[in-house]
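*Asks:* Before I ask anything, let me first share the structure, which is written out below as structure tokens.
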Amino acid sequence: MRRLAPALALLLGGCSLPSLADVPLPGGAPSGPSYRITVEFADVLDLVPQAAVKVDDVTVGSVEDISLSGWTARVRLRVDKKVELPANATAAVRQTSLLGEKFVAVSPPTTEAARGRLSDGDTIPLARTRRGAEVEEVLAALGLLLNGGGLAQLKTINQELGTALLGREAEAKDALHQLDTFVGGLDRQKADIVRAIEALDRLTGRLAQQRAVIGGALDALAPGITVLAQQREQLTAALTALGELGRVGTRVVNQSKDDTVASLRALQPILDQLVRAGDDLPKSLDFMLSYPFPPNVTGAIVGDFVNLSITADLDAASILANLVAAAPSATSRSTPGRAATKPKQGGTTLPSLPGQLPDVCLPLNGILPPEWTPPDGCDLPEGCKLLAAGSSLPLGALVVPDTGILPQGTVFPAGTKLPAGTILTAPCLLAPVTGAVEGIVGGLTDVLTGGLSP
């Protein structure tokens, strides 16, 4: 023991204790110039003063003080003045290892560009701070998962899914292929879908701008809807009756179809005859309104008498010539196969209408064939032709009736016979009688015997 005492004294005498200035501050606090910033945390865990402040895992300062402001922890940091931090920097409470100490990590923002610079007295707000997960929290969550928190459900889902797909692998594979095709189609039409969504957005925007107008329209529509609701039973009954009417109409049409077709076929000859009548039908209706006088005779009717104008040519030479001339034959010429013209009083025949052929121009047998041409001196009007029955009917032509006897009003005398159905072209017809008589030229004998008549 005595030997150890001098040795211990010698050892202590040869060693000197270091000064406090040479001992580094705990937590890596800067020994030179520095600036202080305040960081707000919702939870600082077991962070203690003098803990390190690191940037990119390099210690640049230490925690000076931890205080509480309401439910927010305020941590004052002392950072080396050589370290420049952006004004929008973020801070987090982290752990050096699984069981290591806590420290504050300061880093530039990751979701936006760095801007500005932190200076003495600045604060990093609560919105830009966070903390790491504790080992106890990780182990607790793992224990909850392993103790039936979710694995049992996953096992049940896996077993039920395997049971459902057992023996249906082909159908499941086909469904996946169809789903892949569907998703691929959607991906190819992505631009169209985006345009449709944008158009729908514009539509909804315009509808939103016209919300007041739409609201007014809906309010104005409400009374009408109320009336329709009140008359719902009547409308339903009307629609039901309309359906029954449709069924009855269908039955009537089906039952009367044959009769309707027969009636239309029976109407066809009448319509054909009306087409053949042409302009004669409206002219007959016009004449019917003034029967028994022609339409233009109304100007000559004054009261209960009709004006008549007669012009008599009393040329002396013509009168003397007619007096000394031989009187016409009392009997009319008759031809075989043709009835004689009925004589009038005085032994004279009825005069023919202007433009008619004389009897001497007609054939002896009295029947004109379709190919008949008049002899010399018996010229027909230009374009007057006789067409065989069944030929195409020209405009304004006349068809000989079934009796074969021509009516009055043609260039042939009334009573002339032709084969039934023969067609006379329009130039063979005389101008219609108007009822106005301007004058009749004749000799004195005609005047005396009554040959001139209006």
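*Asks:* Given the criterion within 15 Å of Cys428 (Cα to Cα) and either part of a loop (DSSP other than H, G, I, E, B) or of a type in the set (A, V, I, L, M) (or both), identify the matching residue among Pro370, Pro363.
*Replies:* Pro370
*Asks:* Before we move on, is Ala431 surrounded by 13 or more Cβ atoms within 10 Å (Cβ to Cβ) and small (Gly, Ala, Ser)?
*Replies:* So Ala431 does not fit the description; no.
*Asks:* Next question, about the same structure. Cβ-Cβ below 6 Å, separation at least six or inter-chain, first residue in region 40-51 and without any contact (Cβ under 8 Å) to a residue 40 or more places away in the chain, second small (Gly, Ala, Ser): which pairs?
*Replies:* The qualifying pairs are Gln50/Gly27; Gln50/Ser62.
*Asks:* Follow-up. Which one of Ala172, Ala241 is touching a helix residue (DSSP H, G or I) at 6+ places or on another chain (Cβ under 6 Å), assigned to a helix (DSSP H, G or I) and not assigned by TED's automatic domain parsing to the domain that holds Ala92?
*Replies:* Ala172
*Asks:* Hey, any hits in region 175-184 for a residue that's surrounded by 10 or more Cβ atoms within 10 Å (Cβ to Cβ), of a type in the set (Phe, Trp, Tyr) and over 25 Å from Arg36 (Cβ atoms)?
*Replies:* Looking through region 175-184, at least one residue is surrounded by 10 or more Cβ atoms within 10 Å (Cβ to Cβ), of a type in the set (Phe, Trp, Tyr) and over 25 Å from Arg36 (Cβ atoms).
*Asks:* Say we look at region 245-293 and pick out the residues that are surrounded by 10 or more Cβ atoms within 10 Å (Cβ to Cβ) and touching a residue at least 60 places away in the same chain (Cβ under 8 Å); which of these is farthest from Val399 (Cα to Cα)?
*Replies:* The residue in question is Phe293.
*Asks:* Does Gln210 satisfy being of a type outside the set (D, E, K, R), farther than 30 Å from Ser392 by Cα and not assigned by TED's automatic domain parsing to the domain that holds Val399?
*Replies:* Criteria met by Gln210.
*Asks:* Does at least one position in region 227-234 carry a residue that is at pLDDT 90 or above and of a type in the set (Gly, Ala, Ser)?
*Replies:* Yes, region 227-234 has at least one match.
The values are calculated or read from the model by the stated rules, or taken from the named source; none is laboratory data. From a predicted model like this one, the values you see are computed outputs, not experimental measurements. All Cβ positions, glycine included, derive from the backbone under ideal geometry; neighbour counts span all protein chains shown.
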